[in-house]
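Here the structure is laid out as C-alpha cells; the discussion comes afterwards.
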Amino acid sequence: MKTMTFAVAFLVACVLAVPTGWAQKSDDKEHAELAKALKDAKISLQRGLAASAKEGKPISAKYEVEDGKLQLSVYTMKGTKFSEVIVDHKTGKVAKAEPITKGDDLAHAKAQGEAMAKAKRSLDAAASEAVKENKGYRVVSVMPALKDGHPVADVTLVKGEAWKTVSEKLATRATISRTPRLRAKPWRRPSGRSMPRPPRP
C-alpha cells in the first residue's frame, strides 16, 4: 500500500513538473532569440520612450520579436485613450501608432496607466537609473505596476546571455542637494545705545 501511495505521489509530482519545465524552456528560447535580435538595435529603449512621447505619456515599453522581427513597442496614454507606438529600432523614429481598444492589451494598458498616474518619476528616469546601477547592461523592457499601493517599475536588462530584472521606485523623485548660501547681514546701529565718543586730546 505504501509502495502504491509513493508511486502515485511521484507520478503526480512528475505531471506537475512538466508544465514548469516547458515554461522554463520557452522563456529560455525567447530570451535567446531576443538577445540575438537585439544586436540589430541601434537605439536604446530610453530613446524609444522619448520618441513616443509625441503620441502621449509613455506607460510601458519593451523590445520584442514579433513575427520573427525585432520591434520596440511603447504603450502611451493621452487622456483616457491608449495607443501602441512602434518605434523604429534603427532610426529612433515613430514607425506607426495604433489605438488600443480591447482585449488583454487594453486591460494591461489601463493597469499601467493607473500605476503611472501615481508616479512622480518617468519610465525614462527609472530605466536610466537601472542602467546606471548595472554597468554594461541594456534595458529590454520597463513595466510599471502598483505594489502595496505604490508605483514601481520592473526593469528587465540583458548583457550578453545574462538577464536580470530590477525594481525601481516611481513614487519618489531624485533631488539635488544644494548648500545654502550665507548672506551677510547689514550692519545696524544698536537701538538705545549711543556711539562712543573719541577721546579728547
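What follows draws every value from the coordinates through simple rules; no lab data is involved. Note that this is a predicted model, so its numbers are computed, not measured. So basically every Cβ, Gly included, is an ideal-geometry build from the backbone, and we count neighbours across all protein chains shown.
When each of 75, 137 is scored by the number of other beta-carbon atoms lying within 10 Å, the sequence from fewest to most is 137, 75.
For the range 23-169, the direction-averaged projected area of the alpha-carbon convex hull comes to 8.8 nm². Remark on residue 140: its backbone amide H falls under 5 Å from those of 156, 157, 158, a criterion applied only to residues 5 or more positions apart or on other chains, H modelled at 1.01 Å from N. In this simple spin-label approximation, residue 38 and residue 161 carry label points 7 Å from Cα along the Cα→Cβ vector, and these lie 1.5 nm apart. Taking amide hydrogens as placed 1.01 Å from N in the peptide plane, the amide H of residue 89 sits under 5 Å from those of 72, each at least 5 positions away in sequence or on another chain.
What the Cβ-Cβ distance of residue 50 and residue 120 gives, at R0 = 22 Å and to the nearest 0.05, is a FRET efficiency of 0.75. Under 15 Å of direct C-alpha separation, and excluding same-chain neighbours fewer than eight residues apart, residue 147 reaches these aspartates and glutamates: 114, 168.
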